[in-house]
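Worksheet: one structure, shown below.
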Amino acid sequence: MKAASPSPSGKSTLIDPATLMRLGSLEWRARIIVEGTRNGLHRSPYHGFSVEFTEYRQYTPGDDLRHLDWRVFARSDRYEIKKFEDETNLRCHLVVDQSRSMGYGSCGLTKADYAATLAATLAYFLELRGDAVGLLTFGQTVQEYIPPRHRTGHLRQLMHALEKTPDARETDLLAPVQRLLSLVPKRGMMVFLSDFLAPLDGLESLLASWVAIGHEVIAFQILDPRELAFDFAQPTRLEDLETGRMLALDPNAARESYLAAFHRHNEQLQKLCERLGVGFRQLVTDRPLELALTEFIDHWSRTGRRVTRTSAGRAA
Amino acid sequence: MNFLAPWFLLGGLALGLPVVFHLIQRTTRDRTPFSSLRFVTVSPPRLTKRSRLEDLLLLLVRCLALLLLALGFARPFLPRSELLAGASGTQRLLILIDSSASMRRTGVWAEAVRRAESALSHTQTGDQVALYTFDRELKPILTFSEWMATASDQRLAIARSRLATLSPSWASTQLASCVERAAEIVAERDGEKSVPLQSRLLLISDQQEGSHADSLAGYEWPPGVSFEVVAIAAQSRNNAGLHWAPPAGLADIKPSDPVQVRVSNASESQRDRFQVGWSDPSSTGFKGNPVEVTVPPGQTRTVTLPVRPDPALQSVRLRGDDDAFDNEVFIPTPVSNHRSVAYFGTDPATDTHQPLFFLKSALPGTGPNAVEVHAYLPTSLIPTNDWAASSLLVVTDPLPDSLITPLRTRLDGGSTVLLSMKSVAISNTLAQLAGVPGVSLEEAAPPDFALLGEIDFQHPVFAPFTDPKFHDFTRIHFWKYRRLDAASLPKARVVARFDHGDPAILQLDLGRGRLIILTSSWAPVDSQWALSTKFVPWLLGILEPEAVVETTAAQLLVGDPWTFSPNTEPRTMRFPDGHTVPVPTGTTQFNGASTPGIYRLDGAGSSRVWAVNLDPSESRTTPIDSKEWARFGAPVGPSSPAAVAPPPLRASGAETEGQQKLWRWFLVATLLILGAESIVTGLRRLRQAQPTPSLA
């Protein structure tokens, strides 16, 4: 499906992803996508340690001594902690799969291009909102981690990391989750961008740990249209991009079993997400990225900061 | 069909490659990357009968392309034997033998003949062979057409018999022009263009320096002609040549003057002392004392000989080297052509207004062609013997009857009588000489003057004025003349007329002699004829009508022609060996000087000699370097010493293959087949790329 959704006037206002990918700059792609969906910055209801002072509170052991107001102590002999308005109220981690399977594409762009563009779009969107955005790319292992920040140049650093070509031979979905569990004690948002064409064993318990911490998790499964249709016309030899394994097959004979196994896997993934309260969206690379962003915003606004706790032991 | 590089046929083993490729391609046709094979079950494709048939076609096409490529690289060619369809000959061979004077050196000619026979013996039945010699010009001995017209079993015998009769000439060597002509002859195909014979020009020569081969450098050789040289080496290299440095003309030779000759020593000679002197005709020695001369190798010295001890000696000899062909040079002794003119008239020789004075002044009194004028009073007492030997008899006054008869006798014997009319009183004498009853004469006095208006320039009397630039006679005025009625002399031919139409000069042939009549006289009282520049040539034209020789050089080289005016009198040419050949009337050129020596042309009352000598360039006998042929751009064959044999088979095959270039056609066929294969494959891929509805 290459056509984008039509506008109310009958004209298509969404951009074909293949056309969008011709823009070399990832930042430009993100700017274009975000252009029509930006809602403006909102003020944060949370407090942090920043420039704008809000109130004092009494010191309790364990607080950082850097935030003690020594002038109040000198004047009133009380330990008071100075509190400031925190500009950032969301710490979002973009978890992007850069394994070789993401390098597949049959409609003029690869899944990796699509995922990188979507990640850049989300990062730009959140950056405009004043949120801190971090990035973790992974394949067989965690490849790169950029902690969430909101400062000048950070977005460009993210873009640079996203532009790397996927070269990991296999996909290990557990590695990034485990790594982020150890790195991010503070709750935030986790946006998982992957094709999830990997064993799901053990994923549920780790995701449950995320959810238990309070992270809001959204999983975008990015697929190629041919992966969904398996519409090869002639007998061919398929090469596994990750393992390099070759397999000669007659597509007519293999299509049925493939589609059954593929849908079974996706269904399993989707149920896993439902059980954990993880938002799950399946994106096909011929769909306009604006729709993906819209779905992200819809999902976020719908779920708010509600944390659904689900017992990890019930995971399949 | 033969192959020049048959090992390339091993490339035919590559025919197995397309089979292997096809077998591989059946299972590995396309490689399509896919994200993950985790959900794909093994289901190998099944081949259809249709695809097998199409692959078989491509297999055959690719095998054929490889096969043609291998054949092309093997450089195939059709041997000449196949092309000749039974004829076993492979070459068109022209054997060119140098027969110049330098080939007279000891052993050179015999070796040349032996090499030529060897070349003939290596020819095959179907070969085309011609035999030519050359010195200063090309001479056919046995042409290609003669060879082909002869029965194949007699060709070699005829060629050998003609070869045996050959001998070197005395002429110089014009190698470049003769080789060029021979190359064109051997390149001709005589309507057999379909038979690609190998054209070979085999030169057998001593390759001497003086062969004038330099101009060969600018020659563009006919394509396909190979040039092979068989160098004949002389047994001895000690050669010196003798040459005469003649004066400009024969008239400048004086027997009393010393003679200068040049001695040139070959650059490779090992001797430098020689003797030069007048040769003794009766022996091989000298007449008188020879002059000792030292000439270093490669240099030339001029030697002044003493005055010839005997005027009859006409050759100078050199002694001291090994080869004698250029050791003698001929120096002619001028022939004295003293003649006398008998003048019958009454005027004294000292009277500057009378004809005798001008006659004596006009004719040369000294030199080899001196003319002596004897004047006689026309009386009956003149002894006949005094003037009987005169070349010309001039009559200006009436003669007594006693003189008429002897004059008429001389006329009948072939003498020339010039009758100039000082007055009408001579009419009786004219009538008696002409043998007519009477001649009508009357004194004519034109108002101003008369001119010669109508002249027969074809007549020998006016032959010196044949050129139109000498035609102007309008400045010669005749004040008085005698009007002669031409009808009274019916046999007379009018050579010139006055502008009034009256005859001025007539000729009457009497017996073997002739009577030339001038109706006026050259005395100033009658005309300006004696004062004009045309008077002397006119007189000489009457005196020596046949001996106007145009070639005046004292020395000619062997083969040089010389020219002279056409003769009406019988003449003979005497050759150096003493035999004489009559020169036909009307001959203007003589080309028969084939040997050095003294040639003598004897005519009526006059003789002329020429010395014919060897070309000095023939004495430059040092052989030129064999590399010079390549510098001249000649397509020199594989090896000069062994060139008598036909080229080896490999060289012949390479040349044949180079001419046929069959590999080009194999390559073109390969490209065409590969192009067709690409088109077929492309079409099939397009067909396969179209979606098949039944797959859904």
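No value in this document is a laboratory result; all are computed from the given coordinates. The model shown is predicted, which means the values in this text are computed figures rather than measured ones. Here Cβ is always computed from backbone atoms with ideal geometry, including for glycine, and neighbour counts include all displayed protein chains.
Given segment B:555-613, what percent of its DSSP beta bridges are antiparallel, to the nearest 5?
On the way: 15 of 18 bridges.
For segment B:555-613, the DSSP antiparallel bridge percentage is about 85.
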- Message: Bins of 10 Å, beginning at zero and ending with the bin holding the largest distance: percent of Cα pairs per bin for segment B:193-334, please.
- Response: 10, 32, 24, 17, 11, 6, 1
- Task: Please state, to two decimals, what the Cα-based radius of gyration of segment B:555-613 comes to when divided by 2.2 N^0.38 Å (N = residues).
- Result: 1.03
- Item | ³J(HN,Hα), Karplus 6.51/-1.76/1.60, whole Hz, each residue of segment B:455-462, x for Gly, Pro | 10, 8, 6, 7, 6, x, 5, 9
- Query: Of the listed peptides A:189-197, B:571-579, what is their order by residue-averaged count of other C-beta atoms within 10 Å, with the highest listed first?
  - Reply: A:189-197, B:571-579
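Ignore the peptide's own chain and count Cβ atoms of other chains within 10 Å of each Cβ in A:94-106; give me the average, rounded. Show your work: numbers first, answer last.
Details: counts 0, 0, 0, 0, 0, 2, 3, 4, 1, 2, 4, 2, 4.
Mean shielding count: 2.
Could you give the length gained on full extension between A:Val72 and A:Ala233, defined as 0.36 nm per residue of separation minus the Cα-Cα distance, in nm? Don't jump to the answer; show the numbers that get you there.
Values: separation 161, 0.36 × 161 = 57.96 nm, distance 7.85 nm.
Stretched out fully, the A:Val72 to A:Ala233 stretch lengthens by 50.1 nm.
Sorted by average packing, counted as other Cβ atoms within 10 angstrom per residue and highest first, what order do B:611-617, A:176-182 take?
On the way: B:611-617: 24.6, A:176-182: 17.9.
Answer by packing, highest mean first, reads B:611-617, A:176-182.
Express the relative contact order of chain B as a whole percentage, based on alpha carbon pairs under 8 Å and six or more residues apart in sequence. Show your work: numbers first, answer last.
On the way: 1382 pairs, mean separation 106.4, N = 696.
It rounds to 15 percent for chain B.
Looking only at other chains, what is the average number of their beta-carbon atoms within 10 angstrom of each beta-carbon in A:252-261?
Working: counts 6, 6, 7, 4, 2, 5, 6, 1, 2, 4.
That works out to 4 on average.
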- Task: Pop a pseudo-label 7 angstrom from the Cα along the beta-carbon direction at both A:Ser182 and A:Arg57 and give the gap in nm to one decimal.
- Result: 3.1 nm
- Task: Over the whole of A:225-232, what's the average partner chain Cβ count within 10 Å per residue? Rounded to a whole number, please.
- Result: 2
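Hey, with R₀ at 41 Å, roughly what FRET efficiency would B:Ser256 and B:Val581 work out to, going by the Cβ-Cβ distance, to 0.05?
Values: r = 32 Å, r/R0 = 0.79.
Step by step, r from the Cβ atoms, then E = 0.80.
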- Task: Rank by packing, highest mean first: peptides B:256-266, B:237-247, A:92-102, with packing defined as the count of other Cβ atoms within 10 Å averaged across residues.
- Result: A:92-102, B:237-247, B:256-266
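So what's the back-of-envelope 222 nm ellipticity for chain B, counting only DSSP H runs of four-plus at -39500 (n - 2.57) apiece and dividing by all residues, rounded to 500? Walk me through the numbers on the way to the answer.
Working: 15 runs with 171 residues, N = 696.
About -7500 deg cm²/dmol.
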- Message: What does the C-alpha gyration tensor say about the overall shape of the protein assembly as shown? Classify as rounded when a/c is under 1.5, otherwise prolate if a/b is larger than b/c, or oblate.
- Response: prolate
- Query: Taking only C-alpha pairs under 8 Å that are 6+ residues apart, what is the relative contact order of segment B:555-613 in percent?
  - Reply: 41 percent
- Note on the structure: With label points set 7 Å from each Cα along the Cα-to-Cβ direction at B:Tyr219 and B:Gln154, the distance between them in nm comes to 3.3 nm
- Given a Förster radius of 35 Å and the C-beta distance between B:Ser282 and B:Arg114 as r, what FRET efficiency does 1/(1 + (r/R0)^6) yield to the nearest 0.05? 0.45
- Task: Work from the charge dipole of chain B (Cβ charges, +1 for Lys and Arg, -1 for Asp and Glu, about the Cα centre) and give the residue of B:Trp387, B:Gln507, B:Leu120 farthest towards its positive end.
- Result: B:Leu120
- Extension gain, B:Ala654 back to B:Thr125 (0.36 nm per residue minus Cα-Cα distance, nm): 188.2 nm
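Report the percentage of all Cα-Cα pairs in segment B:339-542 whose separation exceeds 31 Å, rounded to a whole percent. All intermediate terms of the calculation are to be shown ahead of the outcome.
Details: 2269 of 20706 pairs.
So the pairs more than 31 Å apart make up 11 percent of the total in segment B:339-542.
Out of all DSSP beta bridges in chain B, what portion is antiparallel? Express it as a percent rounded to 5. Let's see the in-between values first.
Working: 65 of 109 bridges.
Of all bridge pairs located within chain B, approximately 60 percent are antiparallel.
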- Additional length obtainable on full extension of the chain from B:Val525 to B:Thr32, 0.36 nm per residue less Cα span: 164.3 nm
- Task: Pop the C-beta distance of B:Ala164 and B:Lys469 into the FRET formula with R0 = 51 Å and round what comes out to the nearest 0.05.
- Result: 0.35
- Note on the structure: Rg/Rh over Cα atoms for chain B, Kirkwood Rh, comes to 1.29
